[in-house]
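The structure appears right after this line, and notes come after that.
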Amino acid sequence: MTIASFIFFLLIFAVIGGLSAMRRKTTTEDYLVAGRNIPPWLAGLSAVATNNSGYMFIGMIGLTYSTGLSSIWLMIGWILGDFAASLLIMKKVRIATEKHHVHSFGGLLAQWHHTDYNLLRRVAGVLTVLFLGAYAAAQFTAGSKALHVLFGWDISTGAIIGAALVLLYSYSGGIRASIWTDAAQSFVMIVSMLMLMWVAAASLGTPAHIWHSLDEVAPGYMDWFPGATWLGAILFVAGWIFAGFGVAGQPHIVIRYMTLDHADNINRFRVYYYAWFITFYSATIIVGLLSRLLLPGAESFDAELALPMISRQLLPDVLVGLMLAGLFAATMSTADSLILSCSASLTRDLLPEHKAGYTTTKLATAGVVLVALALSLSGNQSVFALVLVAWGLLAAAFVPLLTIYALGNKPSEKMALAMMGGGVTAFLLWRELGLSHVVYEIMPAIIVGLSIFFMVPEQWQGRAARDESV
């Protein structure tokens with residue numbers, strides 16, 4: 001019954017993706033940005049499903065299970081940073097992409113100020129394909145882990161199923177299919193997570209009893225901050241605010257803003273996006289805490305498997321299928337967006353002088369799916385670690401430059417490349433030096449990228465070449 005329920009929901013997603021093909025136009029613009037006519041509620045639900053990936057169902061629950069209440073600052077910091085990026089950058093992104101007829105993230109960076117930075121566009125395309133490819137592989141890995149635990153299937157099975165479904169509807173309907181299925185998947189994601197939270201809490205007793213039990217799990221498990229000093233606490237929260245601000249550097253999320261029907265509808269977009277985001281993230285953290293009481297043997301299993309294990313323990317077979325479908329929905333809603341962003345970079349950024357047609361762009365999508373699947377099958381890395389590294393590298397490369405653009409500055413191509421290189425280098429060095437425990441490396445990476453712009457001679461900055469912000 002669990003398998004039947006799971007397959008039923010997956011088929012619904014596939015059908016919705018297929019139906020979107022009935023609205024498609026056989027143009028590259030429709031395939032990559034849905035003709036820029038997506039209503040705000042649909043774009044908002046799609047964006048939140050894309051953002052809340054297998055990282056939430058697998059990685060975030062595993063982290064909360066292991067570390068305790070302090071993981072709440074990831075939510076608080078991440079959403080605050082995300083909101084700041086939305087206010088500062090995203091409306092300008094929507095205006096700039098329509099004004100310059102941009103279909104890809106690299107195109108946005110290269111043409112924001114009526115420029116034609118071809119080298120910058122190619123470099124951005126390479127970074128997008130590399131980092132988003134690893135990110136997509138992490139999503140397929142998340143689905144595989146859950147199926148392996150619940151059904152005893154081979155660890156590769158979930159990745160293959162997820163890749164096949166993503167290929168099916170992404171190839172047929174492009175970004176429109178991705179957005180339609182994301183919206184449906186967002187409902188399954190939030191219903192399944194809230195359902196599991198409710199059942200888990202009911203099985204453990206009153207809120208006071210649950211809090212007392214959590215307080216006894218381990219010393220410091222229910223402390224609000226993991227560090228003993230105020231400086232450590234401030235750096236911890238600040239790091240996750242910068243991580244949330246890094247949303248501006250995620251092509252698969254920024255593309256949702258690019259598809260919005262009108263820039264003036266961005267406030268309505270935000271209402272749907274943040275209401276869904278806060279509700280889902282809060283439920284995820286609560287489930288992570290409750291799972292520590294339901295699965296007390298923290299040393300005996302992979303914490304990232306907590307969700308499928310407590311689902312099997314608490315829920316009837318039909319609802320276990322729903323839960324697993326919610327997890328798969330999260331992984332696919334992100335994977336399809338990542339893959340389509342890679343397709344856009346491959347066809348529009350790496351060889352901008354050769355305008356790839358509709359068919360070539362679809363074939364690129366198929367190729368990216370196969371590469372991401374191969375990466376997923378090559379190893380069983382931590383979903384949480386893979387996502388944080390990929391997210392961080394994208395933010396380090398792109399957020400400083402987008403911030404400077406949004407503030408109205410027009411850096412030269414050399415300066416833009418230096419900012420991107422400096423941010424990525426700082427991110428990698430911070431990790432290599434083992435400083436991640438001090439602050440999440442996105443923070444120093446973004447600071448370094450911005451500093452490169454403000455600390456060099458004015459003729460490099462391009463300040464004299466200021467024009468309108470978009």
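The values are calculated or read from the model by the stated rules, or taken from the named source; none is laboratory data. If you're wondering where the values come from, they're calculated on a predicted model, not measured in any experiment. Every residue, glycine among them, receives a Cβ derived from its backbone with ideal geometry; neighbour counts consider all protein chains shown.
For this structure, a couple of remarks:
- Check on Ala124, in a helix (DSSP H, G or I) and either of a type in the set (Phe, Trp, Tyr) or under 27 Å from Phe269 (Cβ atoms) (or both): yes
- In region 196-214, the residues that are under 13 Å from Leu293 (Cβ atoms) reach residues that are exposed (fewer than 12 other Cβ atoms within 10 Å of the Cβ) with C-beta atoms within less than 9 angstrom, at least six apart or across chains, in these pairs: Ala201/Pro207.
Each row is one residue, and each column tells you yes or no for (1) crowded, with 24+ Cβ neighbours inside 10 Å; (2) over 18 Å from the mean Cα position of the chain (by Cα); (3) assigned to a helix (DSSP H, G or I).
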site: Thr115; (1), (2), (3): no, yes, no
site: Phe131; (1), (2), (3): yes, no, yes
site: Ala137; (1), (2), (3): yes, no, yes
site: Gly158; (1), (2), (3): yes, yes, yes
site: Ile161; (1), (2), (3): no, yes, yes
site: Leu165; (1), (2), (3): no, yes, yes
site: Tyr171; (1), (2), (3): no, yes, yes
site: Ile175; (1), (2), (3): yes, no, yes
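- Test: Val247 is aliphatic (A, V, I, L, M), out of contact with any Cys (no Cβ under 7 Å at 6 or more places or on another chain), under 28 Å from Ile89 (Cα atoms) and in a helix (DSSP H, G or I): yes
- Condition check for Tyr221: under 23 Å from the mean Cα position of the chain (by Cα) and not charged (D, E, K, R): no
- Looking only at region 68-93, residues that are more than 12 Å from Ala248 (Cβ to Cβ) and either polar (S, T, N, Q) or touching a Leu at 6+ places or on another chain (Cβ under 6 Å) (or both) come to 2 in all.
- Failed item in (1) surrounded by fewer than 19 Cβ atoms within 10 Å (Cβ to Cβ); (2) farther than 19 Å from Gly125 by Cβ; (3) modelled with pLDDT of 80 or more, with Val371 passing the rest: (2)
- Test: Ala49 is in contact with a Ser or Thr (Cβ under 9 Å, 6 or more places away or on another chain) and either in a loop (DSSP other than H, G, I, E, B) or closer than 30 Å to Ser311 by Cα (or both): yes
- Residue, surrounded by the fewest Cβ atoms within 10 Å (Cβ to Cβ), within region 45-77, restricted to residues that are of a type in the set (Ser, Thr, Tyr) and within 13 Å of the chain's Cα centre (by Cα): Thr50
- Selection from region 96-112 of residues that are over 20 Å from the mean Cα position of the chain (by Cα), assigned to a loop (DSSP other than H, G, I, E, B) and either at pLDDT 85 or above or within 10 Å of Arg348 (Cβ to Cβ) (or both): Val102, Trp112
This table checks each residue for (1) among the aromatic types (Phe, Trp, Tyr); (2) over 30 Å from Gly35 (Cα atoms); (3) modelled with pLDDT under 80; (4) under 18 Å from the mean Cα position of the chain (by Cα).
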position: Val271; (1), (2), (3), (4): no, no, no, no
position: Leu315; (1), (2), (3), (4): no, yes, no, no
position: Gly326; (1), (2), (3), (4): no, no, yes, yes
position: Ser333; (1), (2), (3), (4): no, no, yes, yes
position: Ala344; (1), (2), (3), (4): no, no, no, yes
position: Pro352; (1), (2), (3), (4): no, no, yes, no
position: Ala356; (1), (2), (3), (4): no, no, yes, no
position: Thr360; (1), (2), (3), (4): no, no, yes, no
position: Gln381; (1), (2), (3), (4): no, yes, yes, yes
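- Scanning region 250-301 for residues that are touching a Lys or Arg at 6+ places or on another chain (Cβ under 8 Å) and not in a helix (DSSP H, G or I) returns Leu260, Asp261, Ala298.
- Test: Leu260 is over 18 Å from Asn52 (Cβ atoms) and buried (at least 24 other Cβ atoms within 10 Å of the Cβ): yes
- Matching residues in region 218-238 - criterion: being at pLDDT below 85 and closer than 18 Å to Thr284 by Cβ: Trp224
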